[in-house]
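Each remark here refers to the structure printed beneath this line.
Derivation of every value follows stated rules applied to the coordinates shown; laboratory data play no part. Values in this document were obtained by computation on a predicted structure and should not be read as measured data. With ideal geometry, Cβ positions are generated from the backbone for all residues, glycine too; neighbour counts draw on all protein chains shown.
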Ligand SMILES: Nc1ncnc2c1ncn2[C@@H]1O[C@H](COP(=O)(O)OP(=O)(O)OP(=O)(O)O)[C@@H](O)[C@H]1O
């Protein structure tokens, strides 16, 4: 049975509208008008046990709202959700034991206390016996290389260490399903890589199902074979990461190293210029024009080196969201 089932899920937020100024305030006090924000619209998908799925979309696309509905924090306006067989909004204790939500911009650890104290509170909340607590603590803190840090106040931890401690707290009850909303937000490259490695290992060791949002494409490419793309609340793509690149990147990046510089005007005739760094040029060329463009570049320019690559996924997604052409 699928671990997550989402069927025609929608969320509409009613938002009170207030005109500026005193008149607006008085009118708002006596007669409120509302407008609707369609944050999520008729979204359907299923996720199998043990899968890691990347949930992509620009700001305001509806990712967090979807995660909130999957974890029972927000009631859907319509549609059906099941996570590990439970209806999230009922927030049954067994359901809460089954899943965890980690939000990069929110913390559950108490700021002035050592992380260990917050972990003990979590152990009590989740009814974890002392021996199991000690065993999990040892295992997770070793995986996260956090052993030395758990006894110092959370406010004295680095951002990366804090995020790792947050993950430890979220996983102490060994959830089967993990919802991660920007888990590497604001972390430096090394800390991001450490969190990614940990998630990969956790997934493999416990066959945990993970749904992850991130604006860092390195997280997605390192962890997710499957991605879902949401835009204006609509699910625009659900499939392999490679399929996403094929569908939305019908172009290639051509890198050229020239023996001598040439004018921008000349380069534009081969493709769209991404960057010019002295004699090193990066162009994006539509796939159907690639053969012709390469033949012309070789014939017309004095080149030292040339390579053809898929454009970086960040650029593809960035363009997609900038242009809004995702259908
Ligand atoms: N509590 C709320 N009340 C009203 N509107 C909301 C509420 N929460 C979110 N929205 C709106 O719903 C839409 C989707 O927001 P959501 O937070 O789900 O997007 P997101 O994809 O997670 O964005 P981001 O990447 O910026 O976190 C946005 O237009 C947002 O302004």
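Listing 13, 260 from fewest to most neighbouring C-beta atoms within 10 Å gives 260, 13.
For helix 313-323, what angle does its Cα long axis make with the longest principal axis of the chain, in degrees from 0 to 90 and rounded to 10? Approximately 90 degrees, to the nearest 10.
Working note: 222 nm ellipticity from helices only, DSSP H runs with n ≥ 4, each -39,500 (n - 2.57), summed and divided by the residues of the chain, gives -11000 deg cm²/dmol to the nearest 500. Need one number: nm distance between label points at residue 269 and residue 289, each 7 Å from Cα along Cα→Cβ, rounded to one decimal. With each label placed 7 Å out from Cα toward Cβ, I get 1.3 nm. Take the alpha carbon gyration tensor of region 180-238, find the square roots of its eigenvalues, order them as a ≥ b ≥ c, and report rounded if a/c is under 1.5; if not, report prolate when a/b exceeds b/c, else oblate. Oblate.
If you run the Gaussian network model on the chain, springs between alpha carbon atoms under 10 Å, then out of 179, 89, 30 the most flexible one is 30. In angstrom, the C-alpha Rg and Dmax of region 60-102 are 10.1, 31.
Using a cutoff of 8 angstrom between alpha carbon atoms and counting only pairs six or more residues apart, the relative contact order for region 43-246 works out to 34 percent. Computed from Cα positions, the angle between helix 189-206 and the longest principal axis of the chain comes to roughly 60 degrees. Computed on region 250-309, with alpha-carbon pairs under 8 angstrom and 6+ residues apart, the relative contact order is 51 percent.
Sorted fewest first by neighbouring Cβ atoms within 10 angstrom, 47, 276 come out as 276, 47. Going by neighbour counts of Cβ atoms within 10 Å, the residues 35, 282, 196, 296 line up, fewest first, as 35, 296, 282, 196. Past the 27 angstrom mark, what percentage of all C-alpha to C-alpha distances in region 43-246 do you count? Considering region 43-246, 29 percent of its Cα-Cα pairs are separated by more than 27 Å.
From the alpha carbon centroid of region 118-151 to that of region 39-63 is 30 Å. For region 189-278, relative contact order (Cα pairs under 8 Å, six or more residues apart, normalised by length) works out to 14 percent.
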